[in-house]
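Remarks on the structure that follows.
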Amino acid sequence: MHSSPRTDWEGTYFDGRVAERHPVTVTLTAASLRIEWVDGKTILWSYGEIRQVQGARPGEPARLERGGDEPEVLVVDDPGILQAVREVAPHYRNRFTDASRRRTRTRAVVAGVTAAVVAAGAVYLWIIPLLAARVAARLPVTWEESLGRRVVAEMVDSAAICPHPAVLDRLVARLAATANGRYAFRVTVVGDSIVNAFAAPGGSVVVYRGLLELAETPEELAGVLAHEMQHVVLQHGTRAVLREIPLRLMVAAVTADAGFAGHVAGAAATLGSLRYGRQAEEEADREGMRMLQRARVDPRGMATFFGRLQERVGDVPRVAAYLSTHPRTEARIERLEGLAAAATYAAEPLMGAEAWEEIRAACAASGRPEPRSGL
Amino acid sequence: MSGHGLTPAFHGNGGSLFGIHIRNLLLTIVTFGIYTFWGRTRVRQYLYGQTAFDGDRLAYHGTGGELFRGWLKAMGLMLLLVVVAGAAMALVNQVVGVLLFYALLFCGLFPLALLGARKYRLSRTSWRGLRFSFRGEFQDFLEVYIPGVLLTTLTLGFYYPFFHVKVRRFLVDNSYFGTEAFAFDGEGRDVFGQHVLAMLLTPLTLGIYWFWYMAFRNRYYWSHTALDAGRFASTVTGGGLLQLALVNMLLLIVTLGIGYSWVQVRTILYHCEHLAFEGPADLAAVRQEAVAAGATGEGLTELLDVDLVGADFFGL
């Protein structure tokens, strides 16, 4: 708050050729700064020629320069002169800044940085997953199939594969008939006593003998297969790979790492971990249940089997293999039981008892080692 | 200018400096590191611009773009070094290649970095409108530097104080304010005794004595530095430096590192308070004589992590 606007300022002038300081008085005209010596000598600096070097921060005097190689320098202790120049010569506002603008600029920087961080977070959390989903939907099936075949080749020792009875293929076909028909599901049985099953992109379903033997009814096996097949139908694996590639590229850009191919390979390697997010697991649970219902399969088997796995994880260490890749919680089992209980249709039996025993004995028939006791 | 002692005055504070550091940090992250050059320039503009001598402040005229280009050129030189050494390794033999690498690095790039950085910084600093400059030639410096390195190695370090003084003399004698040259008239033998004493006492006192040696050297160097008819004088003490270091360390620990800006300011204030310029120097008659300088030396200093020997009390 000032009563009368200030019209002149005390300053110091340096001519840029010798180190002598000259006390001067500075006044403002419409087009220039008027610099007057004690002895009356006067020079004019037109606003367009002036560079402001200091004064933009609190505690700094206003330091103005004119000229190129050996500039003249004018220092005015009171930075208020800068605001006065901005008012007198609005055409040159942008050349003169003082500390009061600084707070606005600082806020602008902070806002900008926050916006950048928020934008980066949005890209990571929403935009990339969305793009991955869209691209996955448009990928040729053959690409997913070849990706899946590579995963299976990594995970499964071809020498351990057992021939399985055709009734198992018919079970898979009954479930697959309710899906969108994009994928041709093939099932492979592996003669390993671990309890595990997974589906790779493109429709390859792998079931381990340990799981076959742990299941007590064909409906239970169907529940597991439906869950895994939904991972394929919903493209969880493919989307995960597509999400990882841009993320790894972003990291590579920041760390200036040039190994593009390595990053793509690394992203594909995540499939080997067979870990999907909690959201994907729940989605596969839900849609798997719906798949069972569309196929007229008794849905209670799914909940029962998972419940039994959860109980027996302590007794049967090999069960942990399945649970480590398909984390179950009490809540999820309860949700499955709730969905099963809500089903009102009449289930059609999957197969007869002899056919079921045939499936369970799939690997024993070809002379595979007997399961160890304690299973 | 009259004959009483003039002391530099520092008007900055830790809070403002902290604001600058934080802003630099944020912008550096967002630009994946490119901003560091502009950030460093801002810090220097602030620190130099808040330092006044006889009522008038220093000004820093460097730009982030210059530092960036200097860094690029320095990267090019490093690459060249690696290529040359690699070629030697492939064409001659491994040992020769490795020796060549270290020789070129320590006897070539290091002194180049030292000189280049000093030249750049002085050329971008002005007081009362006149620029400082550094006019030492690289070849002349090598004549001091390489024998110094060799002798120091051969005498297992005993020659080091002589080497250090010779380097200091070269750096100061070739520094100019406008047309006026600085002058250094110290001798290695004056420092040698104290240096040997420090070598003995420092391990015995678990490092404490080193502060007293550093204070002695600081006082000796400044009192043997002149500009025109005036001379500098330093009143730093071993106890003062020790206390400064201890309190700084405590501040950093207690604030988990955030207090670094305040530590920087405290250190500058201490050194400013204990420095004076005395004598009937007629600085008003000094004329402008700026010298062009690129920032490749600066870039090398960053890459090689060279501690600026003979750096003035900013140590930036």
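Data overview
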{"read-out": "Residue satisfying condition, being farther than 18 Å from B:Arg118 by Cα, touching a Cys at 6+ places or on another chain (Cβ under 6 Å) and touching a residue at least 12 places away in the same chain (Cβ under 8 Å), within set B:Phe10, B:Phe53", "value": "B:Phe10"}
{"read-out": "A:Ile81 free of Cβ contacts under 8 Å to residues at least 24 places away in the same chain, outside the structural domain of A:Glu244 (by TED's automatic domain parsing) and within 27 Å of B:Arg131 (Cα to Cα)", "value": "no"}
{"read-out": "Matching helices (runs of 4 or more DSSP H) fully within segment A:306-375 where at least 1 residues are in contact with a helix residue (DSSP H, G or I) (Cβ under 8 Å, 6 or more places away or on another chain) and at pLDDT below 80", "value": "A:319-325, A:330-341"}
{"read-out": "Qualifying positions in segment A:11-26 - assigned to a strand (DSSP E or B) and surrounded by 13 or more Cβ atoms within 10 Å (Cβ to Cβ)", "value": "A:Gly11, A:Thr12, A:Tyr13, A:Phe14, A:Val18, A:His22, A:Val24, A:Thr25, A:Val26"}
{"read-out": "Residue satisfying condition, being away from chain A (no Cβ under 14 Å) and without any contact (Cβ under 8 Å) to a residue 24 or more places away in the chain, within set B:Ser223, B:Ser234", "value": "B:Ser223"}
{"read-out": "Filter pass, B:Phe18 being more than 13 Å from chain A (Cβ to nearest Cβ) and either surrounded by fewer than 19 Cβ atoms within 10 Å (Cβ to Cβ) or modelled with pLDDT of 85 or more (or both)", "value": "no"}
{"read-out": "Count of residues meeting criterion [of a type outside the set (Val, Ile, Thr) and over 20 Å from the mean Cα position of the chain (by Cα)] in segment B:232-271", "value": "15"}
{"read-out": "Residue check for A:Ala173: assigned by TED's automatic domain parsing to the domain that holds A:Gly202 and modelled with pLDDT of 90 or more", "value": "yes"}
{"read-out": "Index of the failed condition, A:Arg63 passing every other in (1) assigned by TED's automatic domain parsing to the domain that holds A:Trp37; (2) at pLDDT below 75", "value": "(2)"}
{"read-out": "Filter pass, B:Asp140 being surrounded by fewer than 16 Cβ atoms within 10 Å (Cβ to Cβ) and within 25 Å of B:Phe53 (Cα to Cα)", "value": "no"}
{"read-out": "Residues being away from chain A (no Cβ under 14 Å), more than 16 Å from the chain's Cα centre (by Cα) and among the aromatic types (Phe, Trp, Tyr) - total across segment B:142-178", "value": "6"}
{"read-out": "Of all residues in segment A:58-100 being touching a helix residue (DSSP H, G or I) at 6+ places or on another chain (Cβ under 6 Å) and more than 24 Å from B:Gln288 (Cβ to Cβ), the one that is farthest from the other protein chains (Cβ to nearest Cβ)", "value": "A:Ala89"}
{"read-out": "Residues that are among the acidic types (Asp, Glu) and closer than 25 Å to B:Tyr270 by Cα, drawn from segment B:21-68", "value": "B:Asp54, B:Asp56"}
{"read-out": "B:Thr41 vs. criteria more than 18 Å from B:Arg121 (Cβ to Cβ), in a helix (DSSP H, G or I) and of a type in the set (Ser, Thr, Tyr)", "value": "no"}
{"read-out": "Segment B:35-83, residues that are of a type in the set (Gly, Ala, Ser), under 18 Å from the mean Cα position of the chain (by Cα) and within 14 Å of another protein chain (Cβ to nearest Cβ)", "value": "B:Gly49, B:Ala59, B:Gly62"}
{"read-out": "Candidates B:Leu58, B:Leu114 - the one that is among the aliphatic types (A, V, I, L, M) and in a helix (DSSP H, G or I)", "value": "B:Leu114"}
{"read-out": "Residue check, B:Ala292 part of a loop (DSSP other than H, G, I, E, B), within 14 Å of chain A (Cβ to nearest Cβ) and touching a Ser or Thr at 6+ places or on another chain (Cβ under 8 Å)", "value": "yes"}
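Condition check ((1) at pLDDT below 80; (2) in the same structural domain as A:Val190 (by TED's automatic domain parsing); (3) of a type in the set (A, V, I, L, M)) across all residues:
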| site | (1), (2), (3) |
| --- | --- |
| A:Arg93 | no, no, no |
| A:Val110 | yes, no, yes |
| A:Glu144 | no, yes, no |
| A:Ala153 | no, yes, yes |
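The values are calculated or read from the model by the stated rules, or taken from the named source; none is laboratory data. Treat the numbers as computed from the prediction; the structure is a model and nothing was measured. Glycine also receives a Cβ, built like all others from the backbone with ideal geometry; neighbour counts cover every protein chain displayed.
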